[in-house]
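Here's the structure we're looking at; comments come further down.
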Amino acid sequence: MPLPAPNLDRTTRENLQARILAIVATYYPAALKLKILSCCHAQLRGVTSRGCRRPLCPGCCPKESHKIAKAQYAKFESCTPPAKPVRLAHEVYTLPPHLIPRIRSKEGFAAWRDAVRDTIRELHGGAEVAGVMNFHPHGDEDITKFHPHFDVLVNGYVLTPSGRPKEHRPPHVHPDDARAIYTRWLVRHLRLSRVEEPRAVDLWYDRNTRYHTNPRKTRHMVRYSARHVYQPQWAWLNDGGTKGDWYYRPHKKVSSVRIYEGRDVIENLLRVEAFLKDKKRRTWFGYMQNRLLPTSARKFRDHHAPGDAA
């Protein structure tokens, strides 16, 4: 089972491992606790079977996150012309807090997703861009609060009407204009009244280097976006903590340790799991939708010739 600090000596590793499992034993509900502890102890004995695959399992979470990220990167590779680097843009769309009740239903969540998708398309000049939207229910800074946002990866290649792939260069959009566009689509898809219309929205996109092609950078972007946002293998119980007993190091740096009350953390994480019960955590859009991916990938492979203009 992965540990928060793999380079430590054996005694320290075992102590940290025990404190990770202590979180599960102390705060997880009875039924969930039995399944996850059984899975973790089996992995500690060297059993390499499938495991429970639950997002809150310290043993399974990192493996599942790795599988998801690997699969997502492979899809971007399949929709990249031969001999060309993977080109990705990273964008984040946050839901205004007062609209959170609107997305608790399956229909409301889908409406928000559609608003984000249409915002992406307009920000990219109406181009038929494609990519994946990974839903993040909270950030790294505070795992005790529900902070819904879509972390989006956009492919830097589009398919022309003739079916040939080419590089995509979106027009420059001022951040204020981008926020206005996002607001307009939120109002339309969520059918907001004048009173409900958000006065401010939060979105982010990399305006300076809109698309990244460095393999190390693009792989990191996919790992970051596709991961399970809460990483249980980086948390541990500290009974002697003065500000709380749930310690969490999301960035693997001592200086970035977060300290919480364990009860607050588990209540939020369980609420998130209940919220996501009938909703998609990850959604492909454009020509990279799951049902269209084989057709799109074939066009990238078959309709590209060396020397094609970008």
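Test VAL173 against the stated conditions and say whether it is touching a Pro at 6+ places or on another chain (Cβ under 8 Å) and over 30 Å from PRO232 (Cβ atoms). Taking the combined requirement at face value, the residue does not satisfy it. When LEU190 is tested against the conditions (1) at pLDDT 95 or above; (2) crowded, with 19+ Cβ neighbours inside 10 Å; (3) aliphatic (A, V, I, L, M); (4) closer than 20 Å to GLU91 by Cα, the lone failure is (4). The residues on offer are LEU292, LEU269, and the sole one that is free of Cβ contacts under 8 Å to residues at least 24 places away in the same chain and closer than 29 Å to VAL154 by Cα is LEU292. Could you list, in sequence order, the residues of the stretch 183-210 that are more than 24 Å from the chain's Cα centre (by Cα) and either more than 20 Å from GLU107 (Cα to Cα) or among the β-branched types (Val, Ile, Thr) (or both)? Within the stretch 183-210, VAL187, ARG194, VAL195, ARG199 meet the criteria. Note on the stretch 22-68: residues that are small (Gly, Ala, Ser) and within 23 Å of the chain's Cα centre (by Cα) total 3. Among the residues here, SER255 does not qualify as over 24 Å from THR94 (Cα atoms), surrounded by 19 or more Cβ atoms within 10 Å (Cβ to Cβ) and of a type outside the set (Val, Ile, Thr). A count restricted to the stretch 267-301 and to residues that are surrounded by 14 or more Cβ atoms within 10 Å (Cβ to Cβ), among the small types (Gly, Ala, Ser) and farther than 30 Å from GLY163 by Cα stands at 0. Candidates are the residues of the stretch 193-206 that are surrounded by fewer than 17 Cβ atoms within 10 Å (Cβ to Cβ) and touching a residue at least 24 places away in the same chain (Cβ under 8 Å); the one that is nearest to VAL152 (Cα to Cα) is TRP204.
A single member of GLY51, GLY125 is touching a residue at least 40 places away in the same chain (Cβ under 8 Å) and outside any helix (DSSP H, G or I), and it is GLY125. Across the stretch 116-170, the qualifying residues are those that are among the aliphatic types (A, V, I, L, M) and farther than 17 Å from MET288 by Cα, and the one among them that is nearest to the chain's Cα centre (by Cα) is ILE143. Against the list (1) assigned to a loop (DSSP other than H, G, I, E, B); (2) touching a Phe, Trp or Tyr at 6+ places or on another chain (Cβ under 8 Å); (3) at pLDDT 90 or above, the condition GLU91 fails is (1).
When residues in the stretch 271-302 are screened for being touching a strand residue (DSSP E or B) at 6+ places or on another chain (Cβ under 7 Å), farther than 15 Å from ALA110 by Cβ and not in a helix (DSSP H, G or I), 1 of them pass.
Under the condition of being farther than 22 Å from ARG113 by Cα and outside any loop (DSSP other than H, G, I, E, B), the residues counted in the stretch 189-246 number 14. The condition (being surrounded by fewer than 17 Cβ atoms within 10 Å (Cβ to Cβ) and touching a Leu at 6+ places or on another chain (Cβ under 8 Å)) is satisfied by just one residue among SER105, SER78: SER78.
The values are calculated or read from the model by the stated rules, or taken from the named source; none is laboratory data. Keep in mind the model is a prediction, meaning the values are calculated, not measured. Note that we place each Cβ from the backbone using ideal geometry, even for glycine, and neighbour counts take in every protein chain shown.
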